[in-house]
Structure formats: structure tokens, C-alpha cells
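See structure below.
Just so it is clear, none of the values below were taken in a lab; they were calculated from the coordinates. Note that the structure is predicted; figures quoted are calculated from it, not measured. Because the Cβ atoms are built from the backbone with ideal geometry, glycine has one as well, and the counts that use them run over all protein chains shown.
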Amino acid sequence: MFSKEDINTLQQLTLEDGLEFISSKISEGIVFSTSLGQEDQVITDAVFRNDLPIKVFTLDTGRLFYEHYDLLSKNNSRYKKTTEVYFPESADVEKYVVEKGINAFYHSIENRKECCFIRKVKPLNRALENAKVWITGLRAEQSENRENMPILEWDEERNLYKYNPLINWTYQDVLDYLKQNNVQELSLHKKGFISVGCQPCTRAIEEGENPRAGRWWWETSQKECGLHSN
């Protein structure tokens with residue numbers, strides 16, 4: 001569907017032009033998953049403001065900060081567009097809590113990854129059913145796991161293309177876009193929460209820390225939940 005020439009073209013295009021290029025190649029089945037973080041607010045603004053034929057969705061894990069819901073409501077009001085929300089299966093959550101405990105993710109990496117699978121990965125897989133292109137807000141400098149990610153890649157497991165338009169952006173690029181376009185943000189960012197996930201699994205970072213140091217801070221792991229690792 002996409003050639004090497006297409007990939008080379010995408011690497012040269014601006015965010016808006018890249019999204020329009022993808023939309024011109026595929027008439028339907030393009031989706032964007034937002035966690036409502038700064039990078040995702042950049043892409044949400046570009047998609048909604050340019051009225052692109054891209055479905056925007058988010059995952060409500062049931063353990064988010066109140067600020068997530070506040071920003072989601074503000075987005076819907078500002079852009080007059082709807083962000084679809086996917087929830088975990090209630091039976092999965094109930095079984096996990098009954099058998100392991102409400103905060104079992106603190107007790108082992110295995111428990112934490114199982115919680116992420118139930119609350120994030122399974123709902124994501126439902127949201128990606130029949131999708132042809134999945135757009136993400138990943139950036140290379142966010143973590144070592146993402147340093148070598150290409151701008152466009154084939155996801156064999158999910159049978160779709162994964163488009164990472166911000167992969168080569170710096171954090172300053174993100175901040176500049178947000179300011180120049182007056183994009184709304186999570187109020188948590190001003191309190192030291194840069195990479196924001198579920199409330200029990202996110203803390204504010206100290207000056208000089210990696211942005212993802214506040215995610216699952218009690219672990220010595222690769223700091224991923226499974227959404228972007230096959």
C-alpha cells in the first residue's frame with residue numbers, strides 16, 4: 001500500500017501535510033489513538049482543525065486522573081468533534097481485582113503488565129479492528145525503546161500500518177506547536193507530570209529526570225505497557 005518513495009515523502013512533510021498525504025492514499029480506516037498528553041494534543045489539533053477523515057479515540061482505563069476527563073470535554077467543545085472512548089471489559093477487571101487486589105500492579109511486573117493488558121491493550125485491539133493505519137504520538141527521544149522506530153512501519157501482529165508523525169520531533173518542537181496554535185493541555189503538565197498514564201502509576205518527575213521516569217516509578221523495567229511493543 002505504501003512504497004519506499006511514500007516513506008521518503010513522509011519524512012520530508014510537515015505534520016499537517018503528512019496527515020493529509022496519508023488520508024489521500026487511504027480513503028477510510030485511518031485511526032488515531034490519543035492519551036491526551038502533549039504529543040497527542042498536537043496531533044488531535046492537526047486532525048480536527050483541518051477536518052481530516054481520521055477517527056480519533058482514547059482509552060478510559062477506569063484509573064485515569066480527573067484532568068483527563070476535563071481535557072476530553074474541552075476538546076469536544078473546542079473542535080466540535082467527538083473523540084470515541086473505549087473501556088476495558090468489566091468482567092476482566094472484576095476478575096483481576098477479586099483474585100489479585102485493587103492495586104496488585106504494585107506487587108510485581110507481571111501483575112502490572114496484566115493490568116495494562118486488561119485496561120489498555122485489549123480495548124486498543126478492539127478499537128483497531130478493521131483499521132488500516134494507526135497514528136500515534138510516539139517520539140524517538142521519549143525512551144530507548146523508541147529511538148529506532150521509523151516514521152511508518154508495518155505492524156505484522158495487528159495487520160496494519162503504524163504512522164508515527166512526531167517520531168523525529170523534539171520536546172521543544174511539541175511545546176512550540178502547542179504555544180503557536182494555542183492548544184489546550186492537561187493541567188497536570190504544569191505540576192511536573194510530563195508523561196501521564198493512570199493515576200496510581202504516574203508521579204511527577206524531578207528536574208533532569210527522563211520524562212517517562214514518572215511512569216511505573218517503582219519498577220526497573222522498559223517502562224512500556226504493551227500498546228507499542230509486539
So what are the chain's ellipsoid semi-axes, whole angstrom, largest first, if each one is the square root of 5 times an eigenvalue of the alpha-carbon gyration tensor?
28, 20, 18
Kindly rank 2-11, 60-69 from highest to lowest mean number of other beta carbons found within 10 Å of each residue.
60-69, 2-11
Among all the aspartates and glutamates, which ones have a C-alpha under 20 Å from Lys113's C-alpha, if same-chain residues fewer than 8 places away are not counted?
Asp60, Glu89, Asp92, Glu94, Glu99, Glu144, Glu157, Glu219, Glu224
How high is the relative contact order of the range 1-88? Use alpha-carbon pairs under 8 Å, at least six apart in sequence, and give a whole percent.
27 percent
Distance cut-off 21 Å, Cα to Cα: go down the list Lys120/Lys162; Lys4/Lys25; Lys55/Lys122; Lys74/Lys190; Lys162/Lys191 and report the pairs above it.
Lys162/Lys191
The chain, Gaussian network, Cα under 10 Å: of Ile135, Ile102, Ile151, the residue fluctuating most is Ile102
Non-local amide H neighbours of Leu152 (under 5 Å, H modeled in plane, Pro and chain starts lacking H): which ones?
Asn164
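Count the net charge of all other residues whose Cβ sits under 14 Å from the Cβ of Ala131, scoring Lys and Arg as +1 and Asp and Glu as -1. Numbers along the way, then the final one.
On the way: positive: Lys55, Arg126, Lys132, Arg158, Lys162; negative: Glu28, Glu84, Glu129, Asp155, Glu157.
That sum, taken over residues with Cβ under 14 Å, equals 0.
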Just from its helices, what would the mean residue ellipticity at 222 nm be for the chain, if runs of 4 or more DSSP H residues each count -39500 (n - 2.57) and the sum is divided by every residue, rounded to the nearest 500 deg cm²/dmol?
-10500 deg cm²/dmol
Of Lys122, Lys95, Lys74, the most mobile residue in a GNM of the chain (C-alpha springs, cutoff 10 Å) is Lys95
